[in-house]
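FYI, it's all coordinate maths here, none of it is from the lab. No experiment lies behind these values; they were computed from the predicted model shown. Cβ placement follows ideal geometry from the backbone for every residue including glycine, while neighbour counts extend to all protein chains displayed.
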Amino acid sequence: TLADGSTLAGGSTLAGGGTLAGGGTLADGSTLADGSTLAGPPGWQLPSRADGQAAKADAASVPDASWRRSSGPEEPEPSAASDPAAALRIGVLGTLTVNGQPGALLPAQSQLVVALALNGREGLSNRQLCYLLGADPDHPRPTDSLRQLIVRTRRQLGLAPDGREWIEHLGGGQYSLHPATRVDWHEFHAMTSDGITDRDAALLSDALRVIRGQPFTGCHYWWLDIALVETVRAQIVDSAELLADLDLADGNPAASARAARVGLAADSAAEQLWRALMRAEHAAGNLAGVREAWSRCLEVIAEIAADGQPHPDTAALYRDLLGGSSARFPGSWPRDR
């Protein structure tokens with residue numbers, strides 16, 4: 001429980017399209033049981049029914065600069081950035097960062113910013129924010145607490161270069177982030193989509209530079225859609241695999257290995273990237289590197305695969321690269337399983 005009374009809950013929710021207990025659905029554009037409609041990309045969920053607190057939140061809004069909270073003890077607030085007015089950059093392709101800094105905002109403030117960032121310019125209503133920022137689906141955040149959270153987060157972020165708030169009130173109790181806000185996932189998706197279509201190694205290489213680890217690390221939000229997380233990981237893996245193949249075909253095994261390692265930092269269970277790494281090390285004449293990649297792949301797969309064995313394609317590639325069926329199998333893979 002935070003100092004302002006908010007509570008964060010860990011865990012994940014159903015993937016987009018699942019059905020809520022109250023009869024509402026999570027698919028984009030679907031109609032909820034209470035008659036409201038859901039619009040916008042996945043990554044957040046609407047309440048299945050309007051309870052007293054959520055309904056009351058619909059009528060509440062936070063005026064921009066003129067509203068001031070009542071006097072009282074303030075919780076300590078870290079600095080959001082060295083130059084918060086220059087930009088607002090939200091990083092989710094690794095540990096959550098705001099303007100390049102992990103922990104730049106209080107946890108409740110970070111959750112507010114991420115919820116708005118994932119929903120784009122359409123924004124979220126008071127009611128939706130109360131629901132998403134609550135401890136769980138049955139305990140929405142109180143309206144007054146949301147109002148204070150928005151004001152404090154605005155204060156931490158400062159003003160955009162055009163003098164507007166980074167968290168904008170669109171009217172009718174609807175909020176979104178300023179159009180100049182940058183979200184690394186949105187930029188990465190746009191660049192890699194073009195790079196994959198055009199098989200553009202330079203564009204893919206530029207895009208992969210923003211990958212810092214497993215996506216959404218530190219985002220322990222109950223509403224975060226598993227389908228969105230998997231979509232992000234799949235885009236990273238596909239981009240890294242293609243770049244590794246392009247670099248290897250271009251005669252640059254070192255660059256190919258780097259691309260594979262970047263993808264593995266985001267998803268260590270992606271065997272296609274372990275295969276790409278082994279091919280790159282073999283092309284560089286580094287058989288020890290091939291063995292090391294194989295061993296590390298075995299360690300990862302042993303923890304997640306039901307039978308503890310890698311994909312047959314991975315084992316076959318390892319044998320081929322090290323001289324056929326006589327190749328030795330180091331690591332913990334039990335051969336007799």
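Miscellaneous remarks
- Zero-based 10 Å bins, Cα pair distances in segment 152-199, whole percents: 22, 36, 24, 15, 2
- Computing FRET efficiency as 1/(1 + (r/R0)^6) for S193 and R296, where r is the C-beta to C-beta distance and R0 is 25 Å, gives about 0.25.
- Look at the Cα gyration tensor of segment 75-217: its axes a ≥ b ≥ c give a/c of at least 1.5 with a/b over b/c, and that counts as prolate.
- Residue order, fewest to most surrounding Cβ atoms within 10 angstrom, among I236, I150: I150, I236
- Simple label model, 7 Å out from Cα along Cβ direction - D307 to D144, nm: 6.1
- Nitroxide proxy distance, nm - points 7 Å out along Cα→Cβ at A249 and A202: 1.8
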